[in-house]
Structures are given as C-alpha cells and as structure tokens.
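Trainee: Starting off with a structure, shown below.
No lab work stands behind these numbers, since they all come straight from the coordinates. Keep in mind the model is a prediction, meaning the values are calculated, not measured. Every residue, glycine as well, gets a Cβ built from its backbone with ideal geometry; the counts of neighbours run over all protein chains shown.
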Amino acid sequence: MIPFNKPYLTGRETSYIEDAVNLGKISGNGYYTKKCQNFFEDKFGFKKALLTTSCTDALEMCAMLVNIEQGDEVIVPSFTFVSSALAFVRQGAVIRFVDSSNDTPNIDPNKIEELITHKTKAIVVVHYAGVACDMETIMTIANKHNVVVIEDAAQAICSKFKGKWLGTIGHLSAFSFHETKNIISGEGGLLVINDDRYIDRAEILWEKGTNRAEFFRGNINKYGWVDTGSSFLPSDIIAAFLWAQLENIDDIQKKRLEHWFFYFKHLQDFALSNDVVLMQEPHEETNNGHMFYLICKSQGQRSSIIQHLKQNGILAVFHYISLHSSKFYTDKHDGRELTNSDRYTDCLLRLPMFYELNPNDVVQALNTFNEN
Ligand SMILES: *Cc1c(COP(=O)(O)O)cnc(C)c1O
C-alpha cells in the first residue's frame, strides 16, 4: 500500500536527541531550541522566532498577543484547518469567514474589506499548499484599517511572495512541524514575530506569563509572574529532532519539488480526458512541494478516483470540510454562502506526497482510471 504520507527521517534525529539528553538540560529553551530559532532567524530573516509545541499553539499565542476579547471579530478563510479559527474562538472571537478564490483555495483578497468593522482585530491568511496569498492586497487593506495580519504558514515553509519569505510579511506568523508537513518533529510549531511591539510580550506568554527569558539573559535579577500565558515551549528533545530536519532542509525541499513537477508533467493527459483540473503551477518562488492536488469535476468523480486508487494500493485523501459548515460553527456562522469553499470541500483531492514516494506509481494508476 502506498500511504498518503510517510514521515521522512534524515537519520540524525536520534543521535541529536541522545546528545540533548547527554547535555542534561531537556526542558524548553535549551541548546537545540536556540540552534533552531537562530537558524530560522538567519535563513528566513524572521525578526524573532520562538519554537512552540504546535502551530495551533503558536496561533493561540497570536490571539493573546493581539488581545482578542469577547466579541472581537477575526477574518479567516473558511477552507482551512480548524486551528486557523479555533485559536481565536477560544479567546472569545467571532469569526467572519471568507470564501476562497476561484483559481486557488487561498482567501479571496477582494472579499476581505467588505467584512471589516470597528470590531475587527485581525485577518488570518492561510497559504494553502504552501502557495502565497496575495499579500500585497491583504497588507494594504489591513494597514488602511489598522488591523493585524497573521499568516497561518503551517504549510508554507521555504515559500515566497514577490521575493519575500512567507512568514515575514504579516505582523505575526505560525508554522507547523506536524508529521504531515515538509519539515517535521512529530508535533511542533513556530511563532514568528515581525512586529517589534509584540516581541517582549511573546517571550513572556511563551514561559507561563513569567519574565524568565529576560532573567536568563541577565537583564533582571529575579523573575516572576507578570502576565497571562501558558507553557507553549517544547522540550529540547523535540528541538533536537527538528535540528536534524533543518540540517537537511534543502535536500528535503528539492525532493518534494521533483515529485511535484513529476505529477504536473505526467498528469496532463489524465486531467484532459477526465475533465479534472490539476493544481496550477505556482510561480516558481511560491512552490514548496508541500502538496499536489486535483480539482475533480464532482464529488462523485472524486469518490470514484479515490476508489480506483485504493484498488491500486494507493491512498489519496481529501480535506477540509469548510469551517462555516462544520458541526461546531455552522449555527454561529452569519449565513453568507461561500461557494468556492464549498466546491473545494466537495472536489479537491490530494495525492500522496512524501520524500520516499515514487510518483510514477500514482501516475500509472491514474492513467488507467476509466469513469463509467
Ligand atoms: C497543519 C495545519 C495547522 C495545525 O498545525 P499543528 O502543528 O498540528 O497545530 C494549522 N493550520 C494549517 C493551515 C495547517 O495545515
């Protein structure tokens, strides 16, 4: 059976974990944590990088940093993972869901401004499949209305928008190292702070509301409880695993992109003869090989393709169920129809994508698909 995802190990993960254990300091903010955070700040130019236990956690920190209060409004695409909305909902926010674009599942930048009210605190954008949202339009709208932009860059490592790394454009950004992403640590995440206003407070929220980080830098001689927060920082064991991945980031990215282009090149006939639309070729700088998807012509056709692949020993999956029609949020949604989100919910299909994949196996199976 060819799985949908298989976590790739570079081979050094366990030896770095062993090293972290031998160093004798395995709680958070240790040797490997700092190594990883420095790597992110140096390679991508993030102003401040803090490892978290998940991307969800990093988004929760964002909700706290922008002081979301009961009744505040946050603008979020509907076609995304729950965390993009949940992190703000648990802080009391009302979510105004936005439809996806016609041509990509990303937020439609032209449908944002009409939703902004005096209660709007933040816009969350999701770079679906690692492909950049239109950050130019989005930042212009946000700055005009004095609203914070948070990039949910969970899928977007090593991807750019007009020469700028994703994660550096919004005021705050969040990445994921969940085992289904390009760079992994089992569970894991990263908060990026690009706006100076949030840096000191982010460190405090990260360390259970204490000014411990500042204490360890020697700036104060006693640390204590100064704010809200939680235990958002991962053990250094997790960071040691992540370091092994970061050392190989170029190799991992190269391999995933090879697979992406193999699919793109060899599925054109399949797409044409079945009325299926392939994921568009993004501008080169904004393709990180995170995902390859098809847009089927109907939900029925998608089921047939999944069935056909399964018969050929291949697991393909779909997601998301648009959040505005989720069990949790449907009766809280304001009732607007989001037709593109619904179309992606019904028709988008993800093909297997992982380092050790042989994409030709999937291509061959798809080429024998015959709808009847
Ligand atoms: C994976 C993902 C998340 C959640 O990441 P975790 O690290 O599992 O919390 C959030 N948003 C998007 C868009 C994702 O793809």
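Trainee: Starting with the highest mean, order 220-230, 276-286 by the number of other Cβ atoms within 10 Å, averaged over the residues of each peptide.
Mentor: Per-residue Cβ counts within 10 Å, averaged per peptide and sorted highest first, yield 276-286, 220-230.
Trainee: Cα to Cα, under 16 Å, and not fewer than 8 places away if on the same chain: which lysines meet these conditions relative to Lys181?
Mentor: Straight-line reach from Lys181, under 16 Å: Lys6, Lys254, Lys255.
Trainee: So what's the angle, to the nearest 10 degrees on a 0 to 90 scale, between helix 31-44 and the longest Cα principal axis of the chain?
Mentor: 60 degrees
Trainee: How far is it, in nm, from the label point at Asp361 to the one at Glu18 when both lie 7 Å from their Cα along the line to the Cβ?
Mentor: In this crude spin-label approximation the distance works out to 3.0 nm.
Trainee: Please list, in order along segment 220-226, the HN-Hα scalar couplings obtained from phi with the Karplus expression 6.51 cos²θ - 1.76 cosθ + 1.60 (θ = phi - 60°), rounded to whole Hz, x for Gly and Pro.
Mentor: 9, 9, 8, 10, x, 7, 10
Trainee: Here's a follow-up. Normalised by the number of residues in the chain, what is the relative contact order in percent for Cα pairs under 8 Å and 6+ residues apart?
Mentor: 22 percent
Trainee: Moving to a separate point now. If you count the DSSP beta bridges with both ends in the chain, what percent of them are antiparallel, to the nearest 5?
Mentor: Counting only bridges with both partners in the chain, antiparallel ones make up about 55 percent.
Trainee: Here's another thing I want to ask about it. To the nearest 10 degrees, how steeply does helix 135-145 sit against the main Cα axis of the chain, on a 0 to 90 scale?
Mentor: 50 degrees
Trainee: Something else: Just to confirm a number: summing +1 for Lys and Arg and -1 for Asp and Glu over residues other than Leu65 whose beta-carbon lies under 10 angstrom from that of Leu65, what do you get?
Mentor: 0
Trainee: Taking a 27 Å limit on the Cα-Cα distance, which of the listed pairs Lys43/Lys121; Lys265/Lys297; Lys121/Lys327 fall beyond it?
Mentor: Lys43/Lys121
Trainee: Also, I was wondering about something else. Can you compute the charge dipole magnitude of segment 160-230 about its Cα centre, using +1 on each Lys and Arg Cβ and -1 on each Asp and Glu Cβ, nothing else charged? Give it in debye, rounded to the nearest 20.
Mentor: 220 debye
Trainee: Here's something else I'd like to know. List every residue whose amide H lies under 5 Å from the amide H of Asn287, counting only residues 5 or more places away in sequence or on a different chain, with H placed 1.01 Å from N in the peptide plane.
Mentor: Lys160
Trainee: Taking a point 7 angstrom from the Cα of Thr228 along the C-beta vector, which residues in segment 165-195 have backbone N less than 17 Å away?
Mentor: The answer is none, because no backbone nitrogen lies closer than 17 Å to the label point.
Trainee: May I pose another question? To test your reading of the geometry: what angle, between 0 and 90 degrees and rounded to tens, separates the Cα axis of helix 299-311 from the longest principal axis of the chain?
Mentor: Its long axis makes an angle of about 90 degrees.
Trainee: Of His145, Asn110, Tyr31, which is farthest towards the positive pole of the chain's charge dipole, taken about the Cα centre with +1 and -1 on the beta-carbons of Lys, Arg and Asp, Glu respectively?
Mentor: Checked the options; the winner is Tyr31.
Trainee: Under a Cβ-only charge scheme (Lys and Arg +1, Asp and Glu -1), can you give me the dipole magnitude of the chain about the Cα centre, in debye to the nearest 20?
Mentor: Computed charge dipole of the chain: roughly 460 debye.
Trainee: Roughly how many Å is it from the Cα centre of segment 316-358 to that of segment 235-259, as a whole number?
Mentor: So the two Cα centres are separated by 27 Å.
Trainee: Also: Which aspartates and glutamates does Lys310 reach when only Cα atoms under 16 Å apart count, and residues fewer than 8 places away in its own chain are ignored?
Mentor: Those aspartates and glutamates meeting the cut-off are Asp361, Glu371.
Trainee: Provide, in order from the shortest bin, the percent of all Cα-Cα pairs of segment 112-190 in each 5 Å bin, continuing until the bin that contains the maximum pair distance.
Mentor: Result, from short to long distances: 3, 16, 26, 22, 15, 10, 6, 2 percent.
Trainee: Given just the C-alpha atoms of the chain, how large is their convex hull per residue in cubic angstrom?
Mentor: That works out to 135 Å³ per residue.
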